[in-house]
Number of protein chains: 2
Amino acid sequence: MPRRLLPQQYIDGILSGDRLILSRAITLTESRLPSDQEIAAEILQAVLPHTGFSLRVGITGVPGVGKSTFIEAFGSQITAQGKKLAVLAIDPTSQRSGGSILGDKTRMDNLSRDPLAYVRPSPTGNSLGGVTASTRQAILLCEAAGHELVLVETVGVGQSETAVRNMTDFFLLLMLAGAGDELQGIKRGIMEMADAILINKADGENTAAAKRAQADYRNALHLFPPAASGWTPEVMPCSALTGTGLPEAWQMLERYRQLTQQNGFFTRNRQDQNLSWMHETIRRELEDSFYGNPRIRQLLPDLQRAVRSGGLSSLQAARQLLDRWRKE
Amino acid sequence: MPRRLLPQQYIDGILSGDRLILSRAITLTESRLPSDQEIAAEILQAVLPHTGFSLRVGITGVPGVGKSTFIEAFGSQITAQGKKLAVLAIDPTSQRSGGSILGDKTRMDNLSRDPLAYVRPSPTGNSLGGVTASTRQAILLCEAAGHELVLVETVGVGQSETAVRNMTDFFLLLMLAGAGDELQGIKRGIMEMADAILINKADGENTAAAKRAQADYRNALHLFPPAASGWTPEVMPCSALTGTGLPEAWQMLERYRQLTQQNGFFTRNRQDQNLSWMHETIRRELEDSFYGNPRIRQLLPDLQRAVRSGGLSSLQAARQLLDRWRKE
């Protein structure tokens with residue numbers, strides 16, 4: 001098989017639901033080669049009319065909260081209904097941690113073998129901007145391949161949550177009972193982005209603690225300002241082990257879709273996300289061309305040191321760099 | 001008096017605490033003329049060794065929460081101790097709302113007449129980026145002029161809170177008792193940025209409700225992840241009318257400064273802010289040069305429409321614009 005197919009071969013393969021070709025197309029979106037990026041953009045533009053029909057759900061939670069097990073159990077419930085599911089991951093840190101999420105496919109053994117599920121690990125060795133751009137494209141390609149639910153998983157510790165929030169319809173936060181300790185890892189601001197908090201591992205001895213956590217988080221969310229979607233964030237216990245709460249979580253997603261499609265937020269939000277994506281791409285390219293410039297890269301460390309120490313004003317440093325860049 | 005002084009005259013005036021010259025220097029930072037911006041940057045660089053000694057406090061809250069009255073009462077308490085206070089405002093919406101904050105100086109009658117207080121309304125007719133850049137400079141100029149406390153006020157409804165959070169040491173959120181209704185206006189995410197929540201108008205019939213609100217918010221904040229500063233956000237009632245809580249608020253700021261200076265966060269945070277400022281300035285200039293380009297301005301509306309409607313992929317639209325820009 002040749003390393004690169006013709007654009008039309010990718011397009012036909014994706015639209016016919018060929019997973020191998022879908023995978024190879026997603027690999028193109030992860031490539032840093034301009035020629036690959038160009039083909040990827042061409043494929044995307046061609047399949048665009050076949051995108052947009054899935055529900056896109058972001059999932060986050062600190063390591064140890066049981067995200068993979070939850071996705072396995074939740075996802076199997078979806079495919080048992082005959083629906084096609086895609087699981088993507090965003091993890092710009094995985095090059096450092098050695099592929100902490102989805103890198104090890106055995107963590108989603110059942111889903112990986114499920115013919116209705118497509119599981120894609122996070123691209124590694126890439127910046128958050130690159131991972132984000134690739135994942136946005138992967139969502140659309142998965143939709144064109146007929147997946148009705150796209151889950152985008154991220155670890156709850158970094159910048160990637162905002163990125164995932166901005167490319168999905170619904171944002172799910174997994175927590176554990178015993179509010180306090182497990183919060184250590186969650187970044188501030190993430191709780192206010194959540195459309196729902198699921199208290200995971202609500203089984204056995206944990207059941208009572210999960211109930212208490214549910215009440216606590218409900219009270220806390222009640223103090224937050226209302227979301228633009230008109231949706232009131234929900235808090236529910238769940239267990240990947242016993243299956244508790246999994247059907248309810250799916251019903252909740254359906255309720256959310258119905259509400260926001262009726263009040264117009266669903267479409268408006270996606271339109272806004274499309275526009276943001278365009279502007280983000282522009283910003284990223286502008287920054288890449290600036291910070292990638294050899295002369296700038298050479299000057300930057302000294303100027304950063306001077307700014308950090310307070311010897312040079314941030315404004316003067318920026319002016320010096322911009323003047324130099326304009327001359328190049 | 002000539003419209004522009006010599007740079008050295010601005011510098012000497014600021015360092016000697018001359019308010020009129022301080023005001024004129026801040027006006028330079030608000031100017032969009034490159035020549036003014038250049039002088040402003042030169043002045044800033046010259047006074048830089050005399051900056052950094054104040055405590056920078058951001059204050060937000062929805063209209064009606066009593067920010068101006070609070071700042072009057074709180075500020076008078078500071079100047080009564082012989083300390084110099086500066087009050088700046090960020091309000092990128094003021095051109096639309098007709099100068100909603102600080103525009104009407106009579107709202108801070110006492111402080112405006114107080115020789116130890118310097119009150120500066122928000123620059124109008126400017127973008128958030130411009131207002132932010134100018135306010136960052138104004139903070140430093142006020143410090144060089146000997147102000148020990150700099151309050152930066154913003155309305156709690158927009159993007160400006162993050163900007164203020166990123167240029168101050170401490171972020172204060174004013175709320176009213178009766179959690180719920182008054183939240184309508186506050187943007188999501190702001191509560192998690194707060195280092196303290198003051199329940200304002202805790203007087204007369206409101207006293208009991210303020211106590212309840214204090215308990216509610218304390219419980220809610222308890223569920224948030226800990227801040228990088230090592231500081232636990234505090235919630236306290238206060239009243240600009242009776243003076244309740246005002247000395248306590250000042251003591252809290254002192255406690256915060258002491259804690260974060262000891263654990264190193266205070267300095268580290270400011271160094272990070274300086275670096276961010278440099279990068280933000282660069283980003284803003286890059287974007288201005290892109291979006292200000294006449295050819296881009298001409299192409300943008302049609303492409304935005306196509307992206308919004310889903311006919312053109314965000315990626316293709318970005319590529320088209322960037323290709324055009326590179327050719328210019």
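Every number here is computed from the coordinates shown, using simple stated rules; none is lab data. Predicted, not measured: the structure shown is a model, and the values here were computed from it. Cβ sites come from the backbone with ideal geometry, for glycine too, and all protein chains shown count toward neighbours.
At R0 = 22 Å, how high is the FRET efficiency between residue A:227 and residue A:77 if r is their beta carbon distance? Nearest 0.05 is fine.
Efficiency computed from Cβ-Cβ geometry: 0.25.
From the square roots a ≥ b ≥ c of the eigenvalues of the alpha-carbon gyration tensor of segment A:278-327, which class results: rounded (a/c under 1.5), prolate (a/b over b/c), or oblate?
Because a/c hits 1.5 or more and a/b exceeds b/c, segment A:278-327 counts as prolate.
Work out from phi, with θ = phi - 60° and the Karplus expression 6.51 cos²θ - 1.76 cosθ + 1.60, the ³J(HN,Hα) of each residue of segment A:108-118, listed in order in whole Hz, and give x for Gly and Pro.
10, 3, 5, 4, 5, 9, 6, x, 8, 10, 10
Within a 10 angstrom radius of each residue's Cβ in A:269-279, how many Cβ atoms of other chains show up on average? Whole number is fine.
Counting Cβ atoms of other protein chains within 10 Å of each residue's Cβ and averaging gives 5.
Which of the residue pairs A:84/A:201; B:84/B:201; A:211/B:201; A:211/B:67; A:83/A:201 have a Cα-Cα distance greater than 30 Å in the structure shown?
Long pairs (Cα-Cα over 30 Å): A:211/B:201; A:211/B:67.
Under 16 Å from a label point 7 Å along Cα→Cβ of residue A:276: give me every residue in segment B:279-312 with its amide N that close.
Within reach of a label on residue A:276: B:308.
Please compute, for peptide B:306-312, the average count of beta-carbon atoms on other protein chains lying within 10 Å of each residue's beta-carbon.
5
Decide, for the protein assembly as shown, between rounded, prolate and oblate: order the square roots of the alpha carbon gyration tensor eigenvalues as a ≥ b ≥ c, take rounded if a/c falls under 1.5, and otherwise choose prolate if a/b is larger than b/c, else oblate.
Verdict is oblate for the protein assembly as shown.
How do B:127, B:160 rank when sorted from fewest to most other Cβ atoms within 10 Å of their own Cβ?
Listing B:127, B:160 from fewest to most nearby Cβ atoms yields B:127, B:160.
Starting from the Cα of residue A:4, step 7 Å along the direction of its Cβ; do the same at residue B:320; then give the gap between the two resulting points in nm.
Once both label points are built, they end up 2.4 nm from each other.
Which of B:36, B:288, B:12 moves the most in a Gaussian network model of chain B with Cα springs under 10 Å?
With Cα springs under 10 Å in chain B, the top fluctuation among B:36, B:288, B:12 is at B:288.
Counting Lys and Arg as +1 and Asp and Glu as -1, each charge on the Cβ, what is the dipole of segment B:203-314 about the Cα centre in debye, to the nearest 20?
340
Could you state the number of Å between the C-alpha centres of segment A:34-82 and segment B:131-172?
Value for the Cα centre distance between the two parts: 41 Å.
Cα gyration tensor of chain A, axes a ≥ b ≥ c as square roots of the eigenvalues: rounded (a/c below 1.5), prolate (a/b > b/c) or oblate?
Oblate, since a/c reaches 1.5 and b/c is not below a/b.
In chain A, with Lys and Arg counted as +1 and Asp and Glu as -1 at Cβ, which of these residues, A:244, A:5, A:168, has the Cα nearest the positive end of the dipole, that is, farthest along it?
A:5
Based only on other Cβ atoms within 10 Å, what is the fewest-to-most ordering of A:14, B:190?
B:190, A:14
Find the relative contact order for chain A and round it to a whole percent, using C-alpha pairs within less than 8 Å whose residues are 6+ positions apart.
Relative CO of chain A lands at 17 percent.
Picking from A:304, A:262, A:251, which is most flexible by a Gaussian network model of chain A using Cα springs under 10 Å?
A:304
What is the list of residues in segment B:1-32 whose amide nitrogen lies under 14 Å from a point 7 angstrom out from the Cα of residue B:38, following Cα to Cβ?
Backbone N within reach: B:7.
Counting helices only, and only those DSSP H runs with n ≥ 4, report the 222 nm mean residue ellipticity of chain A as the sum of -39,500 (n - 2.57) divided by its residues, in deg cm²/dmol to the nearest 500.
Computed mean residue ellipticity for chain A: -16500 deg cm²/dmol.
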